1. Pairs only if they're at least six apart or on different chains, beta carbon under 6 angstrom, first in segment 61-81 and closer than 15 Å to residue 48 by Cβ, second assigned to a helix (DSSP H, G or I); list them, first residue then second.
2. Only one of these conditions is not met by residue 145: (1) in contact (Cβ under 8 Å) with a residue 40 or more places away in the chain; (2) surrounded by 12 or more Cβ atoms within 10 Å (Cβ to Cβ); (3) out of contact with any strand residue (DSSP E or B) (no Cβ under 9 Å at 6 or more places or on another chain). Which number is it?
3. One residue is enough: does segment 68-83 have a residue meeting the conditions part of a strand (DSSP E or B) and buried (at least 22 other Cβ atoms within 10 Å of the Cβ)?
4. Has segment 2-9 got at least one residue that is crowded, with 18+ Cβ neighbours inside 10 Å, at negative phi, out of contact with any helix residue (DSSP H, G or I) (no Cβ under 9 Å at 6 or more places or on another chain) and in a helix (DSSP H, G or I)?
5. Being touching a helix residue (DSSP H, G or I) at 6+ places or on another chain (Cβ under 8 Å), over 21 Å from residue 125 (Cα atoms), outside any loop (DSSP other than H, G, I, E, B) and modelled with pLDDT under 95, is that true of even one residue in segment 139-146?
6. Can you tell me which residue in segment 84-99 is nearest to residue 230 (Cα to Cα), limited to those that are modelled with pLDDT of 95 or more, surrounded by fewer than 24 Cβ atoms within 10 Å (Cβ to Cβ) and in contact with a helix residue (DSSP H, G or I) (Cβ under 9 Å, 6 or more places away or on another chain)?
7. Does segment 113-138 hold any residues that are more than 20 Å from residue 46 (Cα to Cα), out of contact with any strand residue (DSSP E or B) (no Cβ under 9 Å at 6 or more places or on another chain) and not in a loop (DSSP other than H, G, I, E, B), and which are they?
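The values are calculated or read from the model by the stated rules, or taken from the named source; none is laboratory data. Note that the coordinates shown come from a computational prediction; the quantities given were computed from them, not determined experimentally. Cβ sites come from the backbone with ideal geometry, for glycine too, and all protein chains shown count toward neighbours.
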């Protein structure tokens, strides 16, 4: 494929510009397009769709087509598409996140939010997450990632207001059972807020930890990953509960 024919691909994440998952994703993407990287200068996990509205952002060029932003993943995508790239990318690739993004996690994830921001701005996007933590296991997924990217690039059209959320199971790629399209599961957290007393006598609170319980349809993302499949979930920007429109209209608002 000639340079002129190679699609522009933008890589970003929420784990920071130095994260191994981002480097791996960009390296794999190089086989399919002209890769640009715009990522946060530090970890921005659980920032969701936050924008830095109340302070100026600093954009730093690290090398050719590689930039760092002292902001959120959403900031990075916005700057990349509106300021840095002269040609709109064919896809925005976010990740590979160090940890799963399934169920309600997608509402908090900066990795998913970056893909969502791209979708809002009219660019197709994929969010990638690895449900384990061993970099050596993640490295085995290079061919799988390439196959997913190539499949999407073959599409002449991509669904409007939709992006893909991909989760890789915590096992070597040689042991996976395949790739399946899934629905979003549900995850309920318990005991995730902890109180502690500081040496100054004040109470402090930490969010995180505890345990969680999953539930969902037979084709939910978490069930697929547990069974050893790569999960691909199409997510839509429109949060409207269309099944309830008629019922809620009957409630008498405005009467």
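1. Pairs found: 73/110; 73/113; 73/114; 74/113; 74/117; 77/114; 77/117; 77/118.
2. The failed condition is (3).
3. Pass one, segment 68-83, residues part of a strand (DSSP E or B): 68-69.
If we keep only those that are buried (at least 22 other Cβ atoms within 10 Å of the Cβ) as well, we get 69.
Checking segment 68-83: at least one residue is part of a strand (DSSP E or B) and buried (at least 22 other Cβ atoms within 10 Å of the Cβ).
4. No, segment 2-9 has no match at all.
5. If we filter segment 139-146 for residues that are touching a helix residue (DSSP H, G or I) at 6+ places or on another chain (Cβ under 8 Å), which is where we start, we get 139-146.
With over 21 Å from residue 125 (Cα atoms) added as a condition, the list becomes 139-140.
From what is left, the residues that are outside any loop (DSSP other than H, G, I, E, B) are 139.
Subsequent filtering for residues that are modelled with pLDDT under 95 retains none.
No, the conditions are met nowhere in segment 139-146.
6. Applying the first criterion (modelled with pLDDT of 95 or more) to segment 84-99 yields 84-85, 89-94, 96-97.
Imposing the further condition that a residue be surrounded by fewer than 24 Cβ atoms within 10 Å (Cβ to Cβ) reduces the set to 84-85, 89-90.
Then keep just the ones that are in contact with a helix residue (DSSP H, G or I) (Cβ under 9 Å, 6 or more places away or on another chain); that gives 89-90.
On the way: 89: 25, 90: 23 Å.
Within segment 84-99, the match that is nearest to residue 230 (Cα to Cα) is 90.
7. Of everything in segment 113-138, just one residue is more than 20 Å from residue 46 (Cα to Cα), out of contact with any strand residue (DSSP E or B) (no Cβ under 9 Å at 6 or more places or on another chain) and not in a loop (DSSP other than H, G, I, E, B), namely 136.
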